Amino acid sequence: MRPKRSPIRSSTMPSATSSTSPSPYVADIHAMIRLNLLAPILATRAALPYLRAAGAQHGHAALVGIASASGLVGTPYYATYAATKAGLARFDEALRRELYGSGIHVATVFPGPVDTPMMATTQAGPDLGYGLRPVDDVVAEIVAGLEGRQIDINTQLPERRAMEDLNARDPLAVDAALAPKLAELRAAVSRHRSI
Ligand SMILES: NC(=O)c1ccc[n+]([C@@H]2O[C@H](COP(=O)([O-])OP(=O)(O)OC[C@H]3O[C@@H](n4cnc5c(N)ncnc54)[C@H](OP(=O)(O)O)[C@@H]3O)[C@@H](O)[C@H]2O)c1
């Protein structure tokens with residue numbers, strides 16, 4: 001039987017409601033942080049002794065964190081999700097440095113939107129920057145990245161890469177570029193369960 005799960009909706013909608021007023025979204029925020037950030041940290045901690053043993057034995061152990069493009073560029077209405085993914089990316093980065101020379105390769109994956117069940121409830125499409133990539137294409141890039149021992153495996157489409165580059169150079173320009181589409185985007189993602 002499937003374990004009972006708290007429903008997790010997208011995004012900033014929860015944080016837009018006051019934490020002092022009772023809101024189902026507050027439970028969603030807790031659930032999202034537990035699932036996206038706390039669980040991988042604790043799972044990694046539990047796996048590390050085995051990874052260390054494998055790394056010492058044959059030097060080919062690997063730890064792969066599945067972050068998100070939202071962990072690179074804070075996307076509107078995904079604030080909590082973005083925070084968990086940015087947190088996971090920094091966790092991986094710190095750990096990679098701790099594990100230097102251990103034989104454990106640490107990689108973080110930054111997918112843009114992918115056509116998986118978790119995207120079924122979003123209405124946002126390519127016009128809003130949410131064109132979905134086929135799973136097989138993304139998986140092939142992740143595998144190639146791991147084989148090439150990349151540390152950051154970024155599977156975003158070129159237009160999302162362009163936004164990432166602009167965000168690094170001029171984050172306020174990204175704010176201004178997204179501003180005209182905010183209302184449309186909010187409506188499109190308002191029912192998205194982002195997990
Ligand atoms: N799809 C995208 O556009 C996209 C983009 C960037 C990053 N990601 C990340 O990629 C990872 C995989 O997502 P996906 O796209 O492959 O989505 P998916 O096909 O919907 O898979 C989500 C997985 O999470 C599990 N899950 C959901 N809620 C859970 C809970 N409360 N406790 C335990 N497990 C739970 C699901 O288990 P069940 O199969 O049992 O339901 C499923 O295995 C996620 O970390 C996601 O944030 C996805």
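Every number in this text was worked out from the coordinates using simple rules, so none of it is lab data. Here the structure is a predicted model, which means the values were calculated and not measured. When we count neighbours, we look across all protein chains shown, and the Cβ atoms used for this are built from the backbone with ideal geometry, even at glycine.
A simple charge model with +1 on the Cβ of Lys and Arg, -1 on the Cβ of Asp and Glu and nothing else charged puts the dipole of the chain at about 800 debye relative to its Cα centre. Projecting the Cα atoms of 33, 168, 89 onto the charge dipole of the chain (Cβ charges, centred on the Cα centre) puts 33 farthest toward the positive pole.
Taking the beta-carbon count within 10 Å as an exposure proxy, list 181, 85 from fewest neighbours to most.
Numbers: 181 15, 85 25.
The order, fewest Cβ neighbours first, is 181, 85.
A Stokes-Einstein calculation at 4 °C with viscosity 1.567 mPa s, built on the Kirkwood radius of segment 67-149 over Cα pairs, returns a diffusion coefficient of 91 µm²/s.
Against the chain, whose longest principal axis comes from its Cα atoms, helix 24-33 is set at around 20 degrees.
Its alpha carbons considered, the chain gives a radius of gyration followed by a Dmax of 17.8, 55 Å.
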